[in-house]
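The values are calculated or read from the model by the stated rules, or taken from the named source; none is laboratory data. Because the structure is a prediction, the values reported are computed rather than measured. Counting neighbours? That spans all protein chains shown, and the Cβs are built from the backbone with ideal geometry, glycine included.
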């Protein structure tokens, strides 16, 4: 894989996860939507259920970006159910927990895939040259505990000094609190200034603007069909 010189001037690189290193398995989302319909006995077309799930995926993610906090997964479930005209009083949190457990089982059957085939070698190259790395990711329907399993499955977890997920920290990018938590971990690795950290992600608001506001450098990933990482300043 062709070396990207600009990356090698940094001591530490922070990565977003979704659409930066991995992407969803298309079959997973279809089966997840059907599972939601069946588990909560929703008497509506699957297309309507899928549209509601997509709507609140986008809405809660946008809210997280603006407020800097993190919507709990169960809160999102309740919003979807209410939107579909379902009385949320019918479902205790245990029923929601059952659905999440089934969803995670489904995720591990239809695992997210590595975004580009060059990524494992790309991370190995950075790691072999002494650049430390981390994951800094917002979450919604899938919790950080499951994403750690996904990265381990793909053999990528060994390259990251730590992983931080918004459902565990209570903050979402571009919140400066989220970036501060990452930096707190980074400075335990070594004497690394903010300017020596590069954050890479696909979201202009949460990854690029958020990282720059904190004092990190930032690159915005553009997912084009090329044979090498396409990382460029926004």
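Criterion applied to 86, 42, 13 was being surrounded by 14 or more Cβ atoms within 10 Å (Cβ to Cβ), touching a strand residue (DSSP E or B) at 6+ places or on another chain (Cβ under 8 Å) and outside any helix (DSSP H, G or I), and the one residue passing it is 13. For the range 106-130, the set of residues classified as assigned to a helix (DSSP H, G or I) and surrounded by 12 or more Cβ atoms within 10 Å (Cβ to Cβ) consists of 106, 107, 108, 119, 120, 122, 123, 124, 125, 126, 127, listed by residue number. Cβ-Cβ distances below 6 Å connect the following pairs, each with a first residue in the range 199-212 that is without any contact (Cβ under 8 Å) to a residue 40 or more places away in the chain, a second residue that is surrounded by 17 or more Cβ atoms within 10 Å (Cβ to Cβ) and part of a loop (DSSP other than H, G, I, E, B), and a separation of six or more residues or different chains: 209/174; 210/173; 210/174. Quick check on the range 162-179. Is at least one of its residues free of Cβ contacts under 8 Å to residues at least 12 places away in the same chain and either assigned by TED's automatic domain parsing to the domain that holds residue 12 or closer than 19 Å to residue 28 by Cβ (or both)? No, that holds for no residue. Scanning the range 204-227 for residues being modelled with pLDDT under 95 and out of contact with any strand residue (DSSP E or B) (no Cβ under 8 Å at 6 or more places or on another chain) gives a total of 5. Of everything in the range 153-167 that is buried (at least 16 other Cβ atoms within 10 Å of the Cβ) and part of a helix (DSSP H, G or I), the residue that is farthest from the chain's Cα centre (by Cα) is 159.
Tell me, which residue of the range 180-192 that is in contact (Cβ under 8 Å) with a residue 12 or more places away in the chain and farther than 16 Å from residue 139 by Cβ is surrounded by the fewest Cβ atoms within 10 Å (Cβ to Cβ)? Outline the logic, then answer.
Filtering the range 180-192 for residues in contact (Cβ under 8 Å) with a residue 12 or more places away in the chain gives 180-183, 185-186, 189-190, 192.
Checking the rest, the ones that are also farther than 16 Å from residue 139 by Cβ come to 180, 183, 185-186, 189-190, 192.
Numbers: 180: 13, 183: 20, 185: 17, 186: 23, 189: 14, 190: 10, 192: 16.
Result: 190.
Just one of the listed residues (137, 195, 145, 172) is surrounded by fewer than 18 Cβ atoms within 10 Å (Cβ to Cβ), within 15 Å of residue 211 (Cβ to Cβ) and either modelled with pLDDT of 95 or more or within 13 Å of the chain's Cα centre (by Cα) (or both), and it is 195.
Among residues of the range 31-56 that are closer than 18 Å to residue 74 by Cβ, those with a beta-carbon under 6 Å from a residue that is surrounded by fewer than 15 Cβ atoms within 10 Å (Cβ to Cβ) at least six positions away or on a different chain give the pairs 37/46. Given the criteria over 26 Å from residue 123 (Cβ atoms) and either surrounded by fewer than 17 Cβ atoms within 10 Å (Cβ to Cβ) or at pLDDT 95 or above (or both), does residue 73 qualify? Answer is yes for this residue.
Yes/no per residue for (1) assigned to a loop (DSSP other than H, G, I, E, B); (2) over 30 Å from residue 103 (Cβ atoms); (3) touching a helix residue (DSSP H, G or I) at 6+ places or on another chain (Cβ under 9 Å):
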position: 136; (1), (2), (3): no, no, yes
position: 140; (1), (2), (3): yes, no, yes
position: 145; (1), (2), (3): no, no, yes
position: 151; (1), (2), (3): no, no, yes
position: 185; (1), (2), (3): no, no, no
position: 207; (1), (2), (3): no, no, no
position: 218; (1), (2), (3): no, yes, yes
